[in-house]
Structures are given as structure tokens and as C-alpha cells.
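Here the structure comes first, spelled out in C-alpha cells, and everything after it is commentary.
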Amino acid sequence: MRTSRMLMSTGVLAAAVLAGALHPAIASASEKWALNGTFVATSNGEWATTNDVFHDERSVRSIWTISSVCSYPTECTGTVSSDQGWTAPIYQTGGDWYVKRTVENWMPCQDGTSAPGLQVFRFHGSSPGGDQTDPSSNMLVGQDETTGLAGACGRSLPLFINMPFKLVKQG
């Protein structure tokens, strides 16, 4: 009886030591896949389209602080905080990162009211030339798309604005 307890204790101790040794490796891999730090986010209004027609919009540049964790290289979740005063969830699926948020008072109406818009940032790591996907890159590129509600402001079609988007890690 005493021998079996000693063997069980030794087995439990060995499992605990092994789990402790493996935990840093798992955390390290997760950190490698995650998107964390401070980034400059730029939505380029010079190449914007409004309902699929080129139309200049105001370019927007902001600082994002991103904190995320990953359970797999293409399955990550976290939070983005912008220096523009908003916070939104961030997630990665299928190699692309997504940030979705509601923009209050986004679409002005003729009667003086306004309607919200859904802003979706979609981006992925890019090679320095921007011609290939590179998940380990400190530069991410994609789209900043904002859509108004169909029927808002008495319009049957939704307003849709799309701008090229770039995210560059600082430091």
C-alpha cells in the first residue's frame, strides 16, 4: 500500500514537473501567433470607394494598442484600443484579422439626424513589397469597410465606403 502511494505521488510530481516544463513552450507559441503591441493604423482615403465608385474620403491615422491570445495559429482573440477613444474585439480566422465596431452618427441624414455604420477592418501580414502574405510581418494590410443600414435616412440602398488599410507595428 505504501509503495503504491509513493509511486502515485512520484507520478503526480513527474506530471506536474512535465506540465510546468511544457507550459512555457505553449505560451511562447501562442505569443508568436498573437498580435500584441502598439501599431499605427492608417485608412487611406485617397483610394476610397463609395458604393464601388472612387471618391476621395478623409484619410484616418490613429494609434492602436492590441492585446490578443491564440489557441492555434489561425484562431486568435483579443482587444483593440484606439487613441480615438474606442475599444473593440479583434479576432483572427483563416489567416485574416478582423476588428468590427459600430460607429455612432456615421451617416448624416437630410433631416438633421444621423444613422450608425458598421466598420469592419480586415487585414493580414504582408511582405515588405506588399505583394505576398507574410504572417510574421510587422506590417499588415487590408481593407477598412464601413456600411450604413439599408433604409437609414430614407434611402433604400445602404451606404458603403471602402478604403485601403495598413497597420504597422511600432518599436
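Given the Cα-Cα distance of Thr93 and Ser114 and 0.36 nm per residue of separation, how much length would full extension add, in nm?
Value of the extension gain: 4.3 nm.
In what order, largest first, do Ser156, Ser67 sit by accessible area if the probe radius is 1.4 Å?
In descending accessible area the options line up as Ser156, Ser67.
Once the piece of chain linking His55 and Val40 is laid out straight, how much longer is it, given 0.36 nm per residue of separation minus the C-alpha distance between them?
Difference between extended and current length: 3.0 nm.
Can you tell me the alpha carbon radius of gyration of segment 45-86 divided by the globular rule-of-thumb value 2.2 N^0.38 Å?
1.70
Please say if segment 44-171 is rounded, prolate or oblate, where rounded means a/c under 1.5 for a ≥ b ≥ c the square roots of the C-alpha gyration tensor eigenvalues, and otherwise the choice is prolate for a/b larger than b/c and oblate otherwise?
Here segment 44-171 falls in the prolate category.
So between Thr147 and Ser62, what do we pick up on full extension, going 0.36 nm a residue minus the alpha carbon distance?
Gain on extension, Thr147 to Ser62, equals 28.6 nm.
The values are calculated or read from the model by the stated rules, or taken from the named source; none is laboratory data. Note that this is a predicted model, so its numbers are computed, not measured. Areas reflect the complete protein model, heavy atoms only, side chains present, ligands, DNA and RNA absent. Shrake-Rupley method; radii C 1.70, N 1.55, O 1.52, S 1.80 Å.
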